[in-house]
Amino acid sequence: MVNPVRKDGTLDPALSIKNRFIDISPPKVVGLSNGVKAIEWKDGKVIMLDQSRLPLEVKYIECTDYHIIAEGIKKLWIRGAPAIGIAAAMGIALGAQDITAKNYREFIKGIETIFDVMLSTRPTAVNIKWAVERIKRLLKERRGESVNRLKELLIEEAKKIHEEDIEVNKAIGRWGSQFIKDGDTVLTHCNAGCLATGGYGTATAPIFVAIEQGKKIQVIADETRPV
């Protein structure tokens, strides 16, 4: 990388921020369309991207135990409020599959332990608490179901939380893109892309939609630090 600061301490005009914009075109966008995902439920397992290894290495972790997901949240393998909420929901659904219970009461007793583990990973994370409360409401509403059916419902709910987040992000993109005009330059900050969410991004969604609409824009990412 060329140092933009000259020996006399002044900034080389040729290498100033004005001349280091990133031109974003569809093939370069790390969005939903190219298959890069922070997390997904697949074949009864949770597949999680270890973001602590980015950008030098892309490694996915196959989670077959909810404790692995909890560890991932703690160690920031997965990050971003929406993404960790989805991870918590999937972790609960995954852990519930191993609960041995004859009835609703025994099942709830078993899943309370999983709730506690997820809540302890990031005590200040609002989305984890939100996911836990949503699942608790579901279980209360469907208390007449069999234990096996409750396990199925938890998987369905975790997938629904994931899908809903993507749709919300796309809605943000459609609304926000109207403020981005052809030829504009957009400044982004913080972790608000597809890897912080279900797969499309929040603050970055209007950028993706604007590009999909054929607008030629430039994007400045002013925060690219690791954890």
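Between residues in the stretch 77-100 that are farther than 18 Å from I111 by Cβ and in contact (Cβ under 8 Å) with a residue 12 or more places away in the chain and residues that are outside any loop (DSSP other than H, G, I, E, B) and hydroxyl-bearing (S, T, Y), which pairs lie under 7 Å by C-beta distance while being six or more apart or on different chains? From the stretch 77-100, the pairs are W77/S52. Scanning the stretch 184-212 for residues that are in a helix (DSSP H, G or I) and either touching a His at 6+ places or on another chain (Cβ under 9 Å) or buried (at least 18 other Cβ atoms within 10 Å of the Cβ) (or both) gives C194, L195, A196, A205, P206, I207, F208, V209, A210, I211.
Looking only at residues in the stretch 141-178 that are touching a residue at least 60 places away in the same chain (Cβ under 8 Å) and farther than 16 Å from G199 by Cβ, the one that is surrounded by the most Cβ atoms within 10 Å (Cβ to Cβ) is L154. Filtered by the rule that a residue be in contact with a helix residue (DSSP H, G or I) (Cβ under 7 Å, 6 or more places away or on another chain) and among the polar types (S, T, N, Q), the stretch 52-102 gives a lone residue, Q97. Which condition number in (1) loosely packed, with under 14 Cβ neighbours inside 10 Å; (2) in a helix (DSSP H, G or I) is the one that K181 fails? The single condition K181 does not satisfy is (2). Within the stretch 75-122, the residues that satisfy the criterion of being touching a Ser or Thr at 6+ places or on another chain (Cβ under 7 Å) and either farther than 17 Å from L195 by Cα or part of a loop (DSSP other than H, G, I, E, B) (or both) are K75, L76, W77, G80. Taking (1) out of contact with any His (no Cβ under 9 Å at 6 or more places or on another chain); (2) surrounded by 17 or more Cβ atoms within 10 Å (Cβ to Cβ); (3) at pLDDT 85 or above in turn, A89 satisfies each apart from (1). The residues of the stretch 124-140 that are basic (K, R) and either in contact (Cβ under 8 Å) with a residue 24 or more places away in the chain or in contact with a Leu (Cβ under 7 Å, 6 or more places away or on another chain) (or both), listed by number, are K129, R134.
The values are calculated or read from the model by the stated rules, or taken from the named source; none is laboratory data. This one's a predicted model, so the numbers in the text were calculated from it and none came from an experiment. Glycine gets a Cβ as well: all are built from the backbone with ideal geometry, and neighbour counts include every protein chain shown.
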